[in-house]
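Colleague: Have a look at this one before I ask anything.
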Amino acid sequence: MRLLPWGLWLLCVASPAGRAESGGKARSCAELRQLYGAKGFALGGVPQAEISGEHLRICPQGYTCCTSEMEENFANKSRSEFEAMTKDAGRAVQTILTAQYRSFDGYFQDLLNKSEKALYEAFPTMYGELYMQNMKVFKDLYSELRRYYRGSNINLEEALNEFWTRLLERLFKLMNPQYHITDEYLDCMVKHAEQHKPFGEVPRDLKVKATRAFIAARSYAQGFLVGSDVVRKVSQVSLSHECTRAVMKLTYCPHCRGMSSVKPCNNYCLNVVKGCLANQADLNTEWKYLMDSLIVVADRIDGPYNVDAVIGTIHMRISEAISNLQENKDSITAKVFQGCGNPKINTKGSSSDDKKRRGKVTLEAKSSAQALELLVLDAKGNLTNLKSYWVTLPNVLCSKKVTAGSGADDKCWNGMTKGSYLPEVMGDGLANQINNPEVEVDITKPDMTIRQQIMQLKIMTNRLGNANIGNDVDFQDASDDTSGSGSGDACPDDVCGKRLAKSPGTRPPETHAIPKQSGHGVSGASSRSSPSAFLILLSVALLATQHLWR
């Protein structure tokens, strides 16, 4: 298979071509001089007419318009242009994934913000001092929920349990101001009161639903960031020496041969690009798993886990719980006194702390279910389009806009001359390049950067799999600064690094690092890309570098 291009070259030498086409007179190099100057190179030393090509090391050694220096310059140019094309294609994917992240992140944070705002607006009127003297408890809850969503190493169930415990302690003291209640007595009170469900079923029900919703939302948002980060890092992988030669031969050798108007054969281009992007194509399997996992979790978020209803009504559930405690105040107090004894009478007398005004305020939750449905629909369309990105990239780069048609076309550049391209197109991935006729690929030495990104895809897919069944997986923010990665809010290490104390029976969740992101600030509602955005962005990116193939 490796000898085939040389065989074609021998056929070309044996046939009337090159200078014979112009009656033996050396052809002008005017077109090449124009191209060479347009690429930013000085024209000094560039031949005016064809010269003998024995000095060439990459292009066929027939009559040529390229010197050794020009060949080297074109090779370096082809490498930088090819790398630019792959980066542009990657940026199109990054743009889509980042837009999806921002859309969902903006929606989710807005949902949480509205719930917190509704609580702050209604509770002073509804509960008076019961709320005003315990405002910090509620603020701390929402703060912990946000930190968890952003990826801090927090046990969400423990955070919710801590909230209900603190709230019960505060409210019990406020509802019994005539007694002097010590911290030791509160510890006993909590143990006895919890047996009698002072807040009703709200804490248990909210813990189950909120935990599932937050786990899914956090993993879902981070899935987009991980996918974008993988594309960014893979797009930075440099072209090998063998690929530089192959791309040079594909793109600039026809110009050196005086065939500037002849485009590369499509199958020839595919073999070159498949060989050069062989390692990238090996991302395909795990990449598809990640896209599929995001789609599954998206359905959970908009379906069984009902993020809109759960997160948007947290304030209402808290109000329901407080009402349950107030209605059962006497029976709860009696049972606590029975188990812990009667506390001492407060000699300072009753304060006004127990005076609570119950205004006629009705808590409502404004549903944004339709917005979530549209977000999920948009995301699923884009994720479906991106599934085969890595294996379709060679076809995109070798599209009919920049190359000739089928491999049977006898009017395209086949690496040696204008004619047909006979070798078959290689399969995708590193293992399939063992017989690639255009690029020498060592299939025993996979690119380690790409292998690391394959592992990152596996880890993220595992997180999403856990989220799909409601299992918690902790994320450890690996950012070096405090600029934030998800929502754009700063979170110093001495705050985000804290862990709530876990009870002996709590199994610590798995911990994985989140890739550092930058420039992902969210300001309210964000724009969403349409399902066809990938194709549009990729086309624009490729048109910007189309001069590579001229």
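Colleague: I need the phi-derived Karplus couplings for region 384-395: 6.51 cos²θ - 1.76 cosθ + 1.60, θ = phi - 60°, integer Hz, Gly and Pro marked x.
Modeller: 5, 5, 8, 3, 9, 3, 5, 8, 9, 4, x, 5
Colleague: Quick check: at a probe of 1.4 Å, how many percent of the accessible area of region 198-290 sits on carbon and sulfur atoms?
Modeller: The computed percentage sits at 45.
Colleague: Still on this structure: Through the Karplus equation 6.51 cos²θ - 1.76 cosθ + 1.60, θ set to phi - 60°, convert the phi angles of region 69-85 into ³J(HN,Hα) values in whole Hz; use x for Gly and Pro.
Modeller: Result, rounded to whole Hz: 5, 5, 4, 5, 4, 5, 5, 5, 5, 5, 5, 5, 6, 5, 4, 5, 5.
Colleague: Which distance in nm do the two modelled labels at Ile345 and Asp140 give, with both placed 7 Å along the Cα-to-Cβ direction?
Modeller: 3.3
Colleague: Rolling a 1.4 angstrom probe over the protein heavy atoms, how many square angstrom per residue are accessible across region 107-209? Before the final figure, lay out each step's value.
Modeller: Details: 4220 Å² over 103 residues.
Here the residues of region 107-209 average 41 Å² of exposed surface.
Colleague: Just how large is the dipole of region 124-227 about the Cα centre, in debye to the nearest 20, putting +1 at every Lys and Arg Cβ and -1 at every Asp and Glu Cβ?
Modeller: Working: 15 positive and 13 negative charges, 101 e Å.
With Lys and Arg at +1 and Asp and Glu at -1, about 480 debye.
Colleague: Where in region 254-280 does the amide nitrogen come within less than 14 Å of the point 7 Å from the Cα of Glu424, taken along Cα to Cβ?
Modeller: Under cut-off, by backbone N: nothing.
Colleague: What's the carbon and sulfur percent of region 88-163's accessible surface, probe 1.4 angstrom, rounded to a whole number? Please list the in-between numbers first.
Modeller: Working: 1120 of 2380 Å².
Percent of accessible area from carbon and sulfur atoms in region 88-163: 47.
Colleague: Number of Lys-Lys pairs in region 82-239 under 17 Å by Cα, sequence gap 8 or more or different chains? Walk me through the numbers on the way to the answer.
Modeller: Numbers: Lys87/Lys233; Lys114/Lys139; Lys117/Lys136; Lys117/Lys139; Lys136/Lys173; Lys173/Lys191; Lys197/Lys207.
Value for region 82-239: 7.
Colleague: Can you list, bin by bin at 10 Å, the percent of alpha carbon pairs in region 53-105, starting at 0?
Modeller: So the P(r) values, bin by bin, are 22, 27, 19, 15, 11, 6, 0.
Colleague: Related question: Evaluate the distance, in nm, between pseudo-label points positioned 7 Å from the Cα of Glu440 and of Glu31 along their respective Cα→Cβ axes.
Modeller: 3.1
Colleague: If you wrap a convex hull around the alpha carbons of region 81-172, what volume per residue comes out, as a whole number of Å³?
Modeller: Details: hull volume 9.7 nm³, N = 92.
About 106 Å³ per residue, rounded to a whole number.
Colleague: Send over a whole-number figure in Å² for the accessible area per residue of region 219-281, probe 1.4 Å. Can you show the working numbers first?
Modeller: Working: 1470 Å² over 63 residues.
Roughly 23 Å² per residue, with all protein chains present.
Colleague: While we're here: Under the Karplus relation 6.51 cos²θ - 1.76 cosθ + 1.60, θ = phi - 60°, what is the ordered set of whole-Hz ³J(HN,Hα) values for region 100-116, x standing for Gly and Pro?
Modeller: In residue order, the calculated couplings are 5, 4, 5, 4, 5, 4, x, 4, 5, 5, 5, 4, 5, 4, 5, 5, 5 Hz.
The values are calculated or read from the model by the stated rules, or taken from the named source; none is laboratory data. Note that this is a predicted model, so its numbers are computed, not measured. Virtual Cβ from ideal backbone geometry, glycine too; neighbours counted across all protein chains shown. Heads up: the accessible areas ignore ligands, DNA and RNA and are worked out on the full protein's heavy atoms, side chains in. Shrake-Rupley method; radii C 1.70, N 1.55, O 1.52, S 1.80 Å.
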